[in-house]
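A.B. asks: Structure provided below as structure tokens; questions to follow.
Values quoted throughout were computed directly from the atomic coordinates according to the rules given, and no laboratory measurement underlies them. What you see is a predicted model; the values in this text were computed from it and never measured. A quick note on method: Cβ atoms are made from the backbone with ideal geometry, for glycine too, and the neighbour counts reach across all protein chains shown.
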Amino acid sequence: MTQTPFDVVVLSSVEWDAAWQRHHAFAAQWAAAGRRVFFVENAGLREPGLRDLGRVARRLRRLAAPALSRMAPPPDGVSVVSPLVLPPTRPAFRRLNAALLIPRLIARLRGLGLRGDPVVFAYLPTASTLSCLEELQPALTVYDCVDNFYGLPRRPPDLAETETALLKRAGLVLTTSRTLHQEKKRLHPNVLELHHGVGEAFFLPPPPPRPPRRLVYFGTLWRALDYAPIRALAQAGFDVELIGPVKEAAPPLPPSARLRGPVAHAELPALLAGADALLLPYADDEYNRGVIPAKTYECLATGRPVLASPLPALTAVPELAAVLTFARAPEEWVAAARALADDDARARAARVSLARAHAENACFTRLRQAVEDALHAR
């Protein structure tokens with residue numbers, strides 16, 4: 001593969017210390033491959049409300065003392081920047097961002113060593129992203145569509161307009177599910193379906209034989225979760241552990257459902273080693289119908305059974321549908337959990353094998369080749 005020299009800018013939709021996603025994995029992998037990476041944290045999609053005050057406070061702390069406010073430091077070669085910009089929601093905010101705040105942000109990146117003509121990974125189809133691209137003039141823009149934005153209840157009213165503008169600038173579009181791929185393929189000539197990858201640390205040894213009891217969900221706690229099966233499993237006598245940052249408060253749950261809070265991504269595999277099964281309990285709503293949960297292959301890599309809501313993006317992939325245990329109503333979740341004792345070595349091997357096919361290194365190899373091809377095409 002011919003190597004084209006470039007720096008990488010990640011215009012992220014999450015913070016650096018949020019639940020680990022491909023934003024973080026790609027940044028770390030590009031840095032490990034020798035690229036200088038500049039990770040710009042979430043610049044906002046919508047107007048913040050009262051529930052966002054905590055996030056705003058964290059952003060201000062990061063601006064004041066970046067190193068002291070992060071759960072885990074970024075790897076060598078990755079510079080993390082908290083952008084001081086206004087939400088891209090009101091015309092006055094957009095004008096101030098474009099005229100003053102975005103140029104200051106780009107100047108800050110240049111001051112950290114960013115060279116001209118970077119490859120930019122854009123995650124949010126917003127006016128702020130478009131202003132950043134105007135200032136950066138990248139050699140290649142990659143629109144990494146990891147979210148079903150049109151399923152959000154509070155999506156921007158001009159979402160279609162800003163996404164169309166981003167698609168026109170992009171030389172490569174990535175999607176994380178087949179449903180998103182089918183949607184974007186109608187809008188762009190170069191779309192690659194690239195699922196979330198899984199790191200080597202999640203490939204765990206088999207658990208000791210024992211009656212199934214400990215069920216674990218890890219990831220962000222917010223409205224996308226379906227808490228009805230979590231409540232039913234806890235009431236049925238299972239120990240349910242929820243690991244991850246709380247974006248929106250969970251409803252009251254039984255005592256055997258424990259909220260552990262966020263942990264560093266590197267600590268997760270050790271915690272999952274004690275699980276009997278992993279949970280992907282998601283609400284049946286418009287947003288979830290378009291996405292594959294970011295931790296799906298991490299769950300499968302552990303070899304543990306994975307109980308999941310039958311999201312269309314999951315059922316649309318035959319390989320995933322064959323290794324996940326789907327449940328809809330709370331009583332179906334309880335029945336599936338009680339049947340975990342029948343799990344066998346062949347089922348475990350199938351889960352691990354599919355996860356191997358989506359190992360981070362394999363995914364990054366496909367990504368790097370797609371970027372090189374797109375650079376040469378332009």
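A.B. asks: If the cut-off is a Cα-Cα distance under 20 Å, which lysines reach Lys247, setting aside same-chain residues fewer than 8 apart in sequence?
C.D. replies: Lys295
A.B. asks: Write down the Kirkwood hydrodynamic radius of the stretch 200-357, to one decimal in angstroms, obtained as one divided by the mean of 1/r over all alpha carbon pairs.
C.D. replies: On the way: mean 1/r = 0.0642 Å⁻¹.
When all Cα pairs of the stretch 200-357 are included, the Kirkwood radius is 15.6 Å.
A.B. asks: Mind giving me the FRET efficiency for Arg155 and Asp344? R0 is 30 Å, r the Cβ-Cβ distance, nearest 0.05 is fine.
C.D. replies: Working from the Cβ atoms, E equals 0.10.
A.B. asks: Nearest 10 degrees is fine. How inclined is helix 127-136 to the longest principal axis of the chain, computing both from alpha carbons?
C.D. replies: 50
A.B. asks: Would you kindly derive the ³J(HN,Hα) couplings of the stretch 155-172 from the backbone phi angles with the Karplus curve 6.51 cos²θ - 1.76 cosθ + 1.60 (θ = phi - 60°), listing them in order in whole Hz, with x for Gly and Pro?
C.D. replies: Calculated HN-Hα couplings, in order: 6, x, x, 9, 4, 4, 5, 6, 5, 4, 5, 5, 4, 5, 7, 7, x, 8 Hz.
A.B. asks: Related question: Sorted by average packing, counted as other Cβ atoms within 10 angstrom per residue and highest first, what order do 97-104, 302-309 take?
C.D. replies: Top of the packing list down: 302-309, 97-104.
A.B. asks: Expected output is a single nm value to one decimal: the length gained when fully extending between His188 and Ala99, i.e. 0.36 nm times separation in residues minus the C-alpha distance. What is it?
C.D. replies: Stretched fully, the His188-Ala99 segment lengthens by 29.1 nm.
A.B. asks: In percent, how large is the relative contact order of the stretch 200-357, given Cα pairs closer than 8 Å and 6 or more residues apart? Don't skip to the answer; put the middle values down first.
C.D. replies: On the way: 276 pairs, mean separation 42.2, N = 158.
Over the stretch 200-357, the number comes to 27 percent.
A.B. asks: Shifting gears a bit: If you average the sequence gap of Cα pairs under 8 Å that are 6 or more apart and divide by the length of the chain, what percent do you get for the contact order?
C.D. replies: 16
A.B. asks: Another question, if that's okay. Compute the acute angle (0 to 90°) between the alpha-carbon long axis of helix 360-377 and the principal axis of greatest extent of the alpha-carbon atoms of the chain; round to the nearest 10°.
C.D. replies: That works out to roughly 30 degrees.
A.B. asks: Within straight cross-link reach of Lys185, meaning Cα distance under 20 Å, which lysines are found once same-chain residues fewer than 8 apart are removed?
C.D. replies: Those lysines meeting the cut-off are Lys168.
A.B. asks: For helix 345-357, report the angle its Cα long axis makes with the longest principal axis of the Cα atoms of the chain; keep it between 0 and 90° and round to the nearest 10°.
C.D. replies: Orientation of helix 345-357: about 0 degrees from the principal axis.
A.B. asks: Candidates [x] 33; [y] 27; [z] 18; which is the computed percent of Cα pairs over 34 Å apart?
C.D. replies: The calculated read-out lines up with [y].
A.B. asks: Now a separate question. Under 5 Å between amide H atoms, partner at least 5 residues away or on a different chain: which partners does Arg213 have, H built in plane at 1.01 Å?
C.D. replies: Asp276
A.B. asks: Ok, one more. Run the helix sum for the chain: -39,500 (n - 2.57) per DSSP H stretch of 4+ residues, divided by residue count, reported at 222 nm to the nearest 500 deg cm²/dmol. Mind dumping the intermediate values first?
C.D. replies: Numbers: 15 runs with 138 residues, N = 378.
The helix contribution divided over the chain gives -10500 deg cm²/dmol.
A.B. asks: Could you give the nm distance between label points at Ala107 and Ala266, where each point is 7 Å from its Cα heading toward the beta carbon?
C.D. replies: In this crude label model, Ala107 to Ala266 measures out at 3.6 nm.
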